[in-house]
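Let me begin by presenting the structure, written as structure tokens, before commenting on it.
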């Protein structure tokens, strides 16, 4: 299932001059993640207005006057998958497209609900049981592939279906000469946080095998961890965006230590890879909530997260 039919964006700016990598045009992308936007009737997440935080991050970028070719949002558009939250996401993204003067492409995360998303964004066209939502777009000589890594059950690790892997392999084969970025919510790399991360081993092995045969992949973009992280996978650069909703304290490896942090990344891409800079959207990293799974009651976490 594709989201291509809903991509409506203002006209972009003209392409930049070649960026010193064999004449390849540089690609400039803003990488956002995990806004966790909520419906008006939901209990506030950690006492925060997550929609305002996302808009503030976009505004900080828009007011800087930086020219972008695209923006990518790697999942957890909402906090609970509420249908009313997707209406707010839709409005926020329409505003962000105009403010940044570029298209915004996105995928879903483990806090999203495919059916409620489809009701709002895909005119009610429902995905079949087990069907994932993927998209392929071409941007100024580059290709961007977005995959839905949301597992079949709440709390499942990241995963891909056989149909997704076949789709990915076909997309890469069809554009072997184009530098390609792949974006999905769950990072395929080790997490410094004990209770945040994880990817289905079978899916990961199949994904790795596909990448082995396609050397045009220059970067992988992810969210989910709520920390800003750089890594590699099969020699390919990985950028994990901490997100605008909230952050986790990476020093608290065995806890979920929530902090008031809002970040996004600026990527400059060339045919051999990318450079990423983390931008603090203005929130100080003060603690919001601390949860010890070994000692604290689960309902405390549920209440803090808006449940």
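The values are calculated or read from the model by the stated rules, or taken from the named source; none is laboratory data. Model, not experiment: these values are computed from the prediction. Glycine gets a Cβ as well: all are built from the backbone with ideal geometry, and neighbour counts include every protein chain shown.
General remarks:
- Of the residues making up region 268-284, those that are in contact (Cβ under 8 Å) with a residue 40 or more places away in the chain and outside any loop (DSSP other than H, G, I, E, B) are 268, 269, 270, 273, 274, 276, 278, 279.
- Taking the listed residues 230, 170, 155, 223, the one that is free of Cβ contacts under 8 Å to residues at least 60 places away in the same chain and either at positive phi or touching a strand residue (DSSP E or B) at 6+ places or on another chain (Cβ under 6 Å) (or both) is 155, with no other qualifying.
- Number of the exception - residue 46 against (1) buried (at least 20 other Cβ atoms within 10 Å of the Cβ); (2) farther than 24 Å from residue 135 by Cβ: (1)
- Residues being more than 17 Å from residue 185 (Cα to Cα) and assigned to a strand (DSSP E or B) - total across region 224-262: 5
- Within region 92-118, the only residue that satisfies the criterion of being farther than 20 Å from residue 144 by Cβ, assigned to a loop (DSSP other than H, G, I, E, B) and touching a strand residue (DSSP E or B) at 6+ places or on another chain (Cβ under 7 Å) is 111.
- Single condition residue 251 does not satisfy, out of (1) surrounded by fewer than 23 Cβ atoms within 10 Å (Cβ to Cβ); (2) under 23 Å from residue 35 (Cβ atoms): (2)
- You will find that of 89, 72, the residue that is touching a residue at least 12 places away in the same chain (Cβ under 8 Å), in a strand (DSSP E or B) and within 19 Å of the chain's Cα centre (by Cα) is 72 and no other.
- Just one residue in the set 223, 197, 243 is surrounded by 14 or more Cβ atoms within 10 Å (Cβ to Cβ), closer than 20 Å to residue 35 by Cβ, within 20 Å of the chain's Cα centre (by Cα) and modelled with pLDDT under 95; that residue is 197.
- Yes/no for residue 265 being part of a strand (DSSP E or B), farther than 18 Å from residue 107 by Cβ and out of contact with any helix residue (DSSP H, G or I) (no Cβ under 9 Å at 6 or more places or on another chain): no
- Residues within region 52-69 that are in a helix (DSSP H, G or I) and either in contact (Cβ under 8 Å) with a residue 24 or more places away in the chain or within 16 Å of the chain's Cα centre (by Cα) (or both), tallied: 10
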